[in-house]
1. For Val86, all conditions in the list (1) over 21 Å from Glu121 (Cβ atoms); (2) of a type in the set (A, V, I, L, M, F, W, C); (3) at pLDDT 80 or above hold save one; what is the number of the exception?
2. Could you please tell me which pairs satisfy a Cβ distance under 7 Å, a separation of 6+ or placement on different chains, a first residue in the stretch 106-120 that is closer than 9 Å to Ala83 by Cβ, and a second residue that is among the hydroxyl-bearing types (Ser, Thr, Tyr) and modelled with pLDDT of 95 or more?
3. Could you please give the count of residues in the stretch 52-79 that are at pLDDT 75 or above and assigned to a helix (DSSP H, G or I)?
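The values are calculated or read from the model by the stated rules, or taken from the named source; none is laboratory data. Because the structure is a prediction, the values reported are computed rather than measured. Positions of Cβ are generated from backbone atoms using ideal geometry, with glycine treated the same way; all protein chains shown enter the neighbour counts.
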Amino acid sequence: MDIFKLLTEDDDDTVLILHDEETMYAAVQQLYGVNPRSKMQRTTRAVAQVIKDNSQSRLHEILSHRNQLIENHPDFSCSQLKAMKVLHSLTSIRMWSLLYKASIQHLQEDSGNRQTFLSYEDDENKVLYLEFVTGESRDA
């Protein structure tokens with residue numbers, strides 16, 4: 001059996017000894033006009049909300065950082081946007097030419113295509129690669 005001691009606010013600092021939890025809750029409500037259970041529940045809910053908010057914020061931070069690392073890492077950064085920027089920078093391929101359109105289609109098909117294209121270090125080899133895989137010529 002649990003024994004709960006409750007100090008009252010009387011002048012003589014009376015100590016009530018209560019033998020069960022229900023009696024203790026009833027005594028607290030009678031003495032202080034507060035339901036300790038509802039106060040504990042509100043406090044528990046408030047603490048749980050703070051923990052939830054912090055967890056969500058931390059998860060967002062972690063995912064944002066992970067995405068940034070992936071975007072900046074050369075082995076994983078084969079996005080269509082990056083490949084298109086490189087394609088646009090190739091001055092020997094005329095925009096909207098047959099080679100340009102076929103290159104767009106080729107680069108959109110697969111990340112492996114984009115990775116191969118981006119792996120060539122100089123512009124001439126990038127153009128030669130695109131001519132080879134698309135069957136189109138930059139002179140057409």
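1. (1) is the only condition that Val86 fails.
2. So the pair list comes out as Phe117/Tyr129.
3. Let us first name the residues in the stretch 52-79 that are at pLDDT 75 or above, namely 52-69, 79.
Remaining after also requiring assigned to a helix (DSSP H, G or I): 52-69.
Selection size over the stretch 52-79: 18.
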